[in-house]
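Take a look at the structure set out below.
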Amino acid sequence: MTIDSDNLLSSILASLDRIEYIKPEDIPDIDLYMDQVTTFMDGKLRSASRYPEEDKILTKTMINNYAKNKLLPPPVKKKYSKEHVLLLIFIYYYKNILSINDIQALLSPVSEHFFQNGKEFDLESIYREVFSMEKEQVEALKADVTEKYRKSQETFQDAPEEKSEFLRTFSFICMLALDVYIKKLMIEKLVDEMTASENGADVQKGEVKKK
(Lines give C-alpha, C1' and ligand atoms only; values in the text may rest on other atoms or scores of the structure.)
Protein backbone atom coordinates (compact mmCIF):
# COMPACT_ATOMS: atom_id res chain seq x y z
CA MET A 1 0.00 0.00 0.00
CA THR A 2 1.38 3.41 -0.96
CA ILE A 3 0.33 6.56 0.86
CA ASP A 4 1.10 9.95 -0.62
CA SER A 5 1.93 11.63 2.69
CA ASP A 6 2.61 15.06 1.22
CA ASN A 7 -0.84 15.13 -0.37
CA LEU A 8 -2.29 13.80 2.88
CA LEU A 9 -0.81 16.69 4.85
CA SER A 10 -2.01 19.21 2.27
CA SER A 11 -5.49 17.71 2.47
CA ILE A 12 -5.51 17.94 6.28
CA LEU A 13 -4.38 21.57 6.26
CA ALA A 14 -6.98 22.38 3.61
CA SER A 15 -9.69 20.79 5.75
CA LEU A 16 -8.68 23.07 8.63
CA ASP A 17 -9.16 26.05 6.34
CA ARG A 18 -12.68 24.81 5.59
CA ILE A 19 -13.71 25.04 9.23
CA GLU A 20 -16.40 27.67 9.20
CA TYR A 21 -17.01 29.95 12.13
CA ILE A 22 -20.66 30.85 12.43
CA LYS A 23 -20.78 34.54 13.24
CA PRO A 24 -23.59 35.78 15.49
CA GLU A 25 -24.76 38.07 12.71
CA ASP A 26 -25.18 35.00 10.47
CA ILE A 27 -27.86 33.69 12.81
CA PRO A 28 -31.38 35.01 12.15
CA ASP A 29 -32.63 37.48 14.77
CA ILE A 30 -36.07 35.93 14.62
CA ASP A 31 -37.10 32.81 16.51
CA LEU A 32 -36.98 29.63 14.46
CA TYR A 33 -38.95 26.41 14.33
CA MET A 34 -36.96 23.20 14.72
CA ASP A 35 -36.87 22.49 10.95
CA GLN A 36 -35.44 25.94 10.35
CA VAL A 37 -32.78 25.40 13.02
CA THR A 38 -31.63 22.08 11.54
CA THR A 39 -31.57 23.57 8.04
CA PHE A 40 -29.49 26.53 9.22
CA MET A 41 -26.96 24.36 11.07
CA ASP A 42 -26.71 21.96 8.16
CA GLY A 43 -25.99 24.77 5.72
CA LYS A 44 -23.27 26.26 7.90
CA LEU A 45 -21.44 23.18 9.16
CA ARG A 46 -21.78 20.49 6.50
CA SER A 47 -18.70 21.59 4.51
CA ALA A 48 -16.40 20.63 7.41
CA SER A 49 -17.96 17.22 8.09
CA ARG A 50 -16.11 13.99 7.31
CA TYR A 51 -18.77 12.63 4.96
CA PRO A 52 -20.70 15.65 3.67
CA GLU A 53 -23.12 13.49 1.69
CA GLU A 54 -24.04 11.27 4.64
CA ASP A 55 -23.33 12.94 7.99
CA LYS A 56 -26.16 14.21 10.12
CA ILE A 57 -25.18 17.64 11.40
CA LEU A 58 -28.21 18.16 13.63
CA THR A 59 -31.52 16.30 13.76
CA LYS A 60 -34.82 16.75 15.58
CA THR A 61 -33.97 13.75 17.74
CA MET A 62 -30.63 15.30 18.73
CA ILE A 63 -32.29 18.58 19.72
CA ASN A 64 -34.94 16.78 21.74
CA ASN A 65 -32.26 14.73 23.52
CA TYR A 66 -30.27 17.87 24.32
CA ALA A 67 -33.36 19.45 25.86
CA LYS A 68 -34.17 16.21 27.72
CA ASN A 69 -30.65 16.13 29.18
CA LYS A 70 -30.91 19.82 30.09
CA LEU A 71 -28.15 20.89 27.72
CA LEU A 72 -30.59 23.24 26.05
CA PRO A 73 -33.36 25.36 27.59
CA PRO A 74 -36.82 24.44 26.26
CA PRO A 75 -38.15 26.34 23.25
CA VAL A 76 -40.89 28.92 23.66
CA LYS A 77 -44.04 27.96 21.75
CA LYS A 78 -41.93 25.46 19.75
CA LYS A 79 -39.58 28.22 18.62
CA TYR A 80 -35.84 28.54 19.24
CA SER A 81 -34.11 31.85 19.81
CA LYS A 82 -30.76 33.04 18.55
CA GLU A 83 -29.26 32.08 21.91
CA HIS A 84 -30.63 28.54 21.53
CA VAL A 85 -28.69 28.32 18.26
CA LEU A 86 -25.52 29.61 19.95
CA LEU A 87 -25.78 26.85 22.56
CA LEU A 88 -26.36 24.26 19.83
CA ILE A 89 -23.13 25.38 18.14
CA PHE A 90 -21.21 24.88 21.39
CA ILE A 91 -22.81 21.44 21.80
CA TYR A 92 -21.92 20.52 18.20
CA TYR A 93 -18.22 21.10 18.86
CA TYR A 94 -18.22 19.47 22.30
CA LYS A 95 -20.19 16.32 21.53
CA ASN A 96 -17.36 14.46 19.78
CA ILE A 97 -14.93 14.82 22.68
CA LEU A 98 -17.01 15.13 25.85
CA SER A 99 -19.71 13.06 27.50
CA ILE A 100 -23.26 14.35 27.85
CA ASN A 101 -22.65 14.81 31.60
CA ASP A 102 -19.53 16.88 30.99
CA ILE A 103 -21.28 19.07 28.42
CA GLN A 104 -24.13 19.59 30.86
CA ALA A 105 -21.70 20.50 33.64
CA LEU A 106 -19.96 22.97 31.34
CA LEU A 107 -22.99 24.63 29.78
CA SER A 108 -25.47 24.63 32.68
CA PRO A 109 -23.75 27.54 34.50
CA VAL A 110 -23.44 29.41 31.21
CA SER A 111 -27.17 29.00 30.53
CA GLU A 112 -28.11 29.82 34.10
CA HIS A 113 -26.21 33.09 34.23
CA PHE A 114 -26.18 34.32 30.64
CA PHE A 115 -29.01 32.75 28.60
CA GLN A 116 -31.51 35.51 27.81
CA ASN A 117 -30.48 37.39 30.94
CA GLY A 118 -31.56 40.77 29.54
CA LYS A 119 -28.14 42.26 30.25
CA GLU A 120 -25.50 43.74 27.99
CA PHE A 121 -23.10 40.88 28.79
CA ASP A 122 -25.05 37.86 27.64
CA LEU A 123 -24.54 34.53 25.89
CA GLU A 124 -23.81 36.25 22.58
CA SER A 125 -21.03 38.25 24.26
CA ILE A 126 -19.44 35.00 25.47
CA TYR A 127 -19.77 33.41 22.05
CA ARG A 128 -18.15 36.38 20.30
CA GLU A 129 -15.25 36.44 22.75
CA VAL A 130 -14.54 32.71 22.46
CA PHE A 131 -14.83 32.43 18.71
CA SER A 132 -12.91 35.64 18.03
CA MET A 133 -9.82 33.50 18.66
CA GLU A 134 -10.81 30.97 15.96
CA LYS A 135 -8.58 32.18 13.12
CA GLU A 136 -5.53 32.55 15.37
CA GLN A 137 -6.07 29.09 16.84
CA VAL A 138 -6.48 27.45 13.43
CA GLU A 139 -3.20 28.96 12.23
CA ALA A 140 -1.43 27.74 15.38
CA LEU A 141 -2.96 24.30 14.90
CA LYS A 142 -1.79 24.17 11.28
CA ALA A 143 1.77 24.97 12.39
CA ASP A 144 1.61 22.28 15.10
CA VAL A 145 0.23 19.65 12.69
CA THR A 146 2.92 20.49 10.14
CA GLU A 147 5.65 20.06 12.79
CA LYS A 148 4.21 16.71 13.89
CA TYR A 149 4.15 15.62 10.27
CA ARG A 150 7.81 16.62 9.84
CA LYS A 151 8.82 14.61 12.90
CA SER A 152 6.81 11.60 11.77
CA GLN A 153 8.71 11.56 8.49
CA GLU A 154 11.93 11.07 10.45
CA THR A 155 10.68 7.88 12.11
CA PHE A 156 11.09 4.24 11.00
CA GLN A 157 14.26 4.90 9.04
CA ASP A 158 15.23 1.23 9.38
CA ALA A 159 11.83 -0.23 8.51
CA PRO A 160 11.34 -2.37 5.36
CA GLU A 161 11.07 0.01 2.42
CA GLU A 162 7.70 -1.30 1.29
CA LYS A 163 6.21 -0.58 4.74
CA SER A 164 8.05 2.61 5.69
CA GLU A 165 5.47 5.01 4.22
CA PHE A 166 2.64 3.28 6.03
CA LEU A 167 4.55 3.25 9.32
CA ARG A 168 5.39 6.95 9.08
CA THR A 169 1.74 7.75 8.52
CA PHE A 170 0.91 5.53 11.50
CA SER A 171 3.47 7.50 13.52
CA PHE A 172 1.82 10.76 12.44
CA ILE A 173 -1.59 9.47 13.53
CA CYS A 174 -0.17 8.36 16.90
CA MET A 175 1.26 11.83 17.53
CA LEU A 176 -2.09 13.46 16.71
CA ALA A 177 -3.98 10.91 18.81
CA LEU A 178 -1.74 11.45 21.84
CA ASP A 179 -2.29 15.19 21.54
CA VAL A 180 -6.07 14.70 21.47
CA TYR A 181 -5.94 12.25 24.38
CA ILE A 182 -3.91 14.59 26.60
CA LYS A 183 -6.09 17.60 25.78
CA LYS A 184 -9.23 15.57 26.48
CA LEU A 185 -7.85 14.66 29.92
CA MET A 186 -7.08 18.33 30.54
CA ILE A 187 -10.60 19.37 29.52
CA GLU A 188 -12.18 16.74 31.78
CA LYS A 189 -10.01 17.90 34.69
CA LEU A 190 -11.06 21.51 34.11
CA VAL A 191 -14.74 20.54 33.91
CA ASP A 192 -14.41 18.66 37.22
CA GLU A 193 -12.78 21.70 38.83
CA MET A 194 -15.48 24.02 37.47
CA THR A 195 -18.22 21.70 38.71
CA ALA A 196 -16.71 21.48 42.18
CA SER A 197 -16.34 25.26 42.31
CA GLU A 198 -19.92 25.82 41.12
CA ASN A 199 -21.29 23.31 43.62
CA GLY A 200 -19.31 24.94 46.39
CA ALA A 201 -20.75 28.32 45.48
CA ASP A 202 -24.28 26.86 45.51
CA VAL A 203 -23.70 25.39 48.99
CA GLN A 204 -22.50 28.75 50.28
CA LYS A 205 -25.56 30.47 48.84
CA GLY A 206 -27.77 27.91 50.59
CA GLU A 207 -26.04 28.51 53.91
CA VAL A 208 -26.43 32.27 53.54
CA LYS A 209 -30.15 31.88 52.84
CA LYS A 210 -30.60 29.67 55.94
CA LYS A 211 -28.97 32.30 58.12
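Computed quantities for the displayed model
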{"read-out": "Any hit, region 129-143, residues being modelled with pLDDT under 95, outside any helix (DSSP H, G or I) and loosely packed, with under 13 Cβ neighbours inside 10 Å", "value": "yes"}
{"read-out": "Selection count where residues are open to solvent by less than 30 Å² (accessible area, probe 1.4 Å) and not in a helix (DSSP H, G or I), scope region 86-114", "value": "1"}
{"read-out": "Any hit, region 185-197, residues being in contact with a Lys or Arg (Cβ under 9 Å, 6 or more places away or on another chain), surrounded by 11 or more Cβ atoms within 10 Å (Cβ to Cβ), touching a residue at least 40 places away in the same chain (Cβ under 8 Å) and not charged (D, E, K, R)", "value": "no"}
{"read-out": "Hits in region 148-186 - residues which are under 23 Å from the mean Cα position of the chain (by Cα) and within 18 Å of residue 7 (Cα to Cα)", "value": "148, 172, 173, 176"}
{"read-out": "Qualifying position, being within 25 Å of residue 71 (Cβ to Cβ) and small (Gly, Ala, Ser), among 125, 164, 171, 152", "value": "125"}
{"read-out": "Residues that are open to solvent by 90 Å² or more (accessible area, probe 1.4 Å), modelled with pLDDT of 90 or more and assigned to a loop (DSSP other than H, G, I, E, B), drawn from region 20-53", "value": "29, 30"}
{"read-out": "Of the criteria (1) basic (Lys, Arg); (2) within 20 Å of residue 183 (Cα to Cα); (3) modelled with pLDDT of 95 or more, which one residue 95 fails", "value": "(3)"}
{"read-out": "Flag for residue 57 being surrounded by 15 or more Cβ atoms within 10 Å (Cβ to Cβ), of a type outside the set (Asp, Glu), assigned to a helix (DSSP H, G or I) and touching a Ser or Thr at 6+ places or on another chain (Cβ under 8 Å)", "value": "no"}
{"read-out": "Qualifying residue in region 7-19 (condition: part of a loop (DSSP other than H, G, I, E, B) and within 18 Å of the chain's Cα centre (by Cα))", "value": "yes"}
{"read-out": "Residue tally, condition surrounded by 14 or more Cβ atoms within 10 Å (Cβ to Cβ) and either among the small types (Gly, Ala, Ser) or touching a strand residue (DSSP E or B) at 6+ places or on another chain (Cβ under 8 Å) (or both), over region 68-80", "value": "2"}
{"read-out": "Residue check, residue 124 part of a helix (DSSP H, G or I), free of Cβ contacts under 8 Å to residues at least 40 places away in the same chain, among the acidic types (Asp, Glu) and farther than 14 Å from residue 9 by Cβ", "value": "no"}
{"read-out": "Of all residues making up region 149-173, the number that are in contact with a Ser or Thr (Cβ under 8 Å, 6 or more places away or on another chain), among the hydrophobic types (A, V, I, L, M, F, W, C) and either outside any helix (DSSP H, G or I) or surrounded by fewer than 12 Cβ atoms within 10 Å (Cβ to Cβ) (or both)", "value": "1"}
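Residues are listed down the side, and each one gets a yes or a no for (1) aromatic (Phe, Trp, Tyr); (2) open to solvent by 50 Å² or more (accessible area, probe 1.4 Å):
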position: 62; (1), (2): no, no
position: 82; (1), (2): no, no
position: 118; (1), (2): no, yes
position: 121; (1), (2): yes, yes
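The values are calculated or read from the model by the stated rules, or taken from the named source; none is laboratory data. None of these values were measured; they are calculated from a predicted model. In this analysis, Cβ positions are derived from the backbone assuming ideal geometry, glycine residues included, and neighbour counts consider all displayed protein chains. Just the protein is used for accessible areas: all its heavy atoms, side chains included, with ligands, DNA and RNA removed. Shrake-Rupley method; radii C 1.70, N 1.55, O 1.52, S 1.80 Å.
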